[in-house]
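The values are calculated or read from the model by the stated rules, or taken from the named source; none is laboratory data. This one's a predicted model, so the numbers in the text were calculated from it and none came from an experiment. Cβ sites come from the backbone with ideal geometry, for glycine too, and all protein chains shown count toward neighbours. In case anyone asks, the SASA skips ligands and DNA or RNA and just uses the protein heavy atoms, side chains included. Shrake-Rupley method; radii C 1.70, N 1.55, O 1.52, S 1.80 Å.
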Amino acid sequence: MTHATDQASREIWFLTGSQHLYGDETLKQVAENSRRIVAGIDGSGALPVKIVCKPILTGPDEIRDVCLAANAAPECAGVVTWMHTFSPAKMWIAGLTRLQKPLAHLHTQFNSELPWGEIDMDFMNLNQSAHGDREYGFIAARLRLKRKIVVGHWQDPDVLQDLAQWANSALAMAESRSLKIARFGGMNMREVAVTGGDRVEAQIQLGWSVNGYGVGDLAGRVNEVSDAAVDRQVEEYEESYVVSAPLRRGGEKRENLRYAARQELGMRAFLDEGGFAAFTTTFEDLHGLKQLPGFACQRLMAQGYGFGAEGDWKTAALVRLGKVMTGRRSGGVSFMEDYTYHLVKGQERILGAHMLEVCPSIADAKPALEVHPLGIGGKADPPRLVFTARPGPAVNATLVDMGGRMRLIVAELDVVTPEHAMPKLPTARAVWIPRPDFKRGAQGWLEAGGAHHAAFCQGVTYEEWEDFGAMAGLEVIRLGADLDLRALRNELRWNDAAFKLGL
Ligand code: MN
């Protein structure tokens with residue numbers, strides 16, 4: 001998909017603070033050390049994006065100018081700052097108050113070992129980030145800046161991982177700022193509350209442009225797809241999936257598969273022409289379409305598009321951002337719905353699925369391509385991919401509009417292999433246990449007002465969603481292994497006050 005190449009052109013800028021007090025020789029050494037640090041971080045391959053060393057900064061005008069340049073540079077996804085020496089922080093006010101890109105503060109030092117036998121005042125003056133970063137940390141705190149602080153030596157794999165996680169979030173933020181979401185059929189499912197929300201506020205805060213399009217327009221694009229393109233698409237399906245008998249060549253539902261291929265190609269053409277990286281559908285409006293485009297949604301999600309069912313544009317956006325955050329790492333991202341429970345005491349499980357639209361990027365084996373009648377919608381039997389999600393840790397991210405602000409809720413969970421086969425369930429599924437356990441995890445989700453839809457992410461961590469939320473100014477609620485329901489209730493209450501005060 002075209003949007004994937006946009007990520008490759010992005011970069012992170014590395015800014016080193018100092019001042020003129022120490023003389024040219026020291027400043028030359030500062031510049032050289034910075035260059036080596038950035039080359040080391042870049043060469044480690046730990047970051048999902050290129051990191052670029054900018055000339056060292058010794059005065060307020062330079063600092064302001066580089067911050068303005070970062071804002072104006074479409075390729076700059078974020079800025080890492082570090083004070084090699086002391087850098088009087090009033091110099092940073094003009095720049096930092098104007099900076100609109102995600103900010104990280106790398107609190108590191110060029111040398112890892114203190115040269116006990118050799119240390120003198122020259123060494124002290126050159127290597128004083130313990131001192132300079134505190135001065136800088138104060139002004140960042142005084143300005144109430146949302147920033148990520150990463151502490152430790154720049155060659156430490158843990159430090160590189162923290163920086164990489166922040167960079168994943170910064171890439172998602174860059175994507176968010178230009179994200180276009182198409183709603184086919186426009187509206188939410190009738191009377192559903194949580195999938196609604198303030199689209200104008202979402203665009204102000206997150207950059208999402210959310211617009212509705214008539215299903216008739218989409219149907220027109222679907223009908224324009226050539227038979228030859230459909231032939232090629234169906235061949236790809238045959239190579240990728242275990243195709244069930246009615247969908248094979250000569251099978252009684254073969255035409256339904258061909259029509260699904262037509263839907264995928266028509267939707268994709270519509271999305272790419274309009275620059276949409278996420279979309280929603282609604283089964284209540286299929287005007288001009290012969291069947292529900294569930295398989296097409298599965299396929300498009302696997303190609304990197306965000307998707308939300310029933311007009312759910314917020315979850316569609318989160319699915320797309322989850323895919324950007326995952327980058328080249330393993331682990332899939334899917335639209336997901338908490339569907340039904342296994343409530344036997346001590347063995348509680350959540351069965352997540354959707355009518356059709358679960359992304360095969362989360363599958364634990366080659367998916368089966370099947371066709372079954374659909375109870376709702378009153379259309380032709382739609383093909384769909386059926387599979388079970390890979391076991392392992394994952395998170396569910398959901399965004400709810402609380403009236404006046406958006407709340408991002410991220411729940412940590414453990415996906416398990418189902419203990420029993422489900423041969424009659426004609427949809428993809430995931431079975432998981434929320435942390436810290438079913439009872440508290442489900443209660444926390446309800447207390448926080450989490451939706452019945454989520455972006456289910458196998459490769460993205462809670463911290464990455466938290467950093468993204470901070471960059472966007474969202475309220476972020478974590479439901480994890482240390483969940484304390486009383487503390488959560490207080491946090492929700494205090495957040496209400498804090499957001500009303502604009503803190
Ligand atoms: Mn749903």
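If I require 27 Å or longer along the helix axis, counting alpha carbons, and a Kyte-Doolittle average no lower than -0.5, what helices from the chain are left? Use full DSSP H segments.
Numbers: long enough: 24-44 (30 Å, -0.58); 157-177 (30 Å, -0.15); 254-274 (31 Å, -0.93).
Correct list, ordered by number: 157-177.
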(request) Of the listed pairs K90/K323; K50/K500; K345/K424, which have alpha-carbon separations greater than 32 Å here? (result) K90/K323; K50/K500
(request) Loop only per DSSP, at most 12 neighbouring Cβ atoms within 10 Å: give me the GluC sites (Glu not before Pro) in the stretch 205-314, ordered by residue number. (result) E252
(request) Place +1 on the Cβ of every Lys and Arg and -1 on the Cβ of every Asp and Glu in the stretch 56-211, take the dipole about the Cα centre, and give the residue among G95, Q165, I181 whose Cα lies farthest towards its positive end. (result) I181
(request) For H131 and A39, compute 0.36 nm times the residue count separating them, minus their Cα-Cα distance, and round to one decimal in nm. (result) 30.7 nm
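Where in the chain lies the longest segment free of trypsin sites (Lys or Arg not before Pro) that are both loop residues by DSSP (not H, G, I, E, B) and have at most 16 other Cβ atoms within 10 Å? Walk me through the numbers on the way to the answer.
Values: sites that count: R98, R144, K146, R190, R248, R249, R328, R329, K345, K379, K424.
No qualifying site falls inside 1-97, the longest such stretch.
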(request) Run the 1.4 Å probe and let me know the accessible area of E337, rounded to the nearest 10 Å². (result) 30 Å²
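For the chain, rounded, prolate or oblate, judged on the Cα gyration tensor with a ≥ b ≥ c (square roots of eigenvalues), a/c < 1.5 rounded, else prolate if a/b > b/c? Working shown, then result.
Numbers: a/c = 2.15, a/b = 1.89, b/c = 1.13.
Prolate.
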(message) List the GluC sites (Glu not before Pro) within the stretch 83-157 that DSSP assigns to loop and that have no more than 12 neighbouring Cβ atoms inside 10 Å.
(response) E113, E118
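With +1 on each Lys and Arg Cβ and -1 on each Asp and Glu Cβ, and nothing else charged, work out how big the dipole of the chain is about its Cα centre, in Debye to the nearest 20. Kindly include the intermediate steps, with their values, before the conclusion.
On the way: 55 positive and 62 negative charges, 203 e Å.
Once rounded to the nearest 20, the dipole reads 980 debye.
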(message) Just to verify a number: FRET efficiency for L501 and A365, C-beta to C-beta distance, R0 = 56 Å, to 0.05?
(response) 0.65
(request) Considering only protein heavy atoms, with the full assembly of protein chains and a 1.4 angstrom probe, order M173, M422 by accessible area, largest first. (result) M422, M173
(message) Between the stretch 214-274 and the stretch 134-183, how far is it from one alpha carbon centroid to the other, in angstrom?
(response) 41 Å
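With a cap of 11 neighbouring Cβ atoms within 10 Å, and only residues DSSP puts in a loop, list the GluC sites (Glu not before Pro) found in the stretch 347-425. Could the numbers behind the result be given before it?
Details: sites: E348, E357, E370, E412, E419; in loops: E348, E357, E419.
In loop regions of the stretch 347-425 (DSSP not H, G, I, E or B), the sparsely surrounded GluC sites (Glu not before Pro) are E419.
What do you reckon, how do M124, M471 stack up by accessible area (1.4 Å probe), largest on top? Present the calculation step by step, with values, prior to reporting the outcome.
Values: M124 90, M471 45 Å².
Heavy-atom accessible area, descending, gives M124, M471.
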(request) Mind running the shape call on the stretch 445-503? Use the C-alpha gyration tensor, a ≥ b ≥ c as the square roots of the eigenvalues: rounded below 1.5 for a/c, prolate if a/b tops b/c, oblate otherwise. (result) oblate
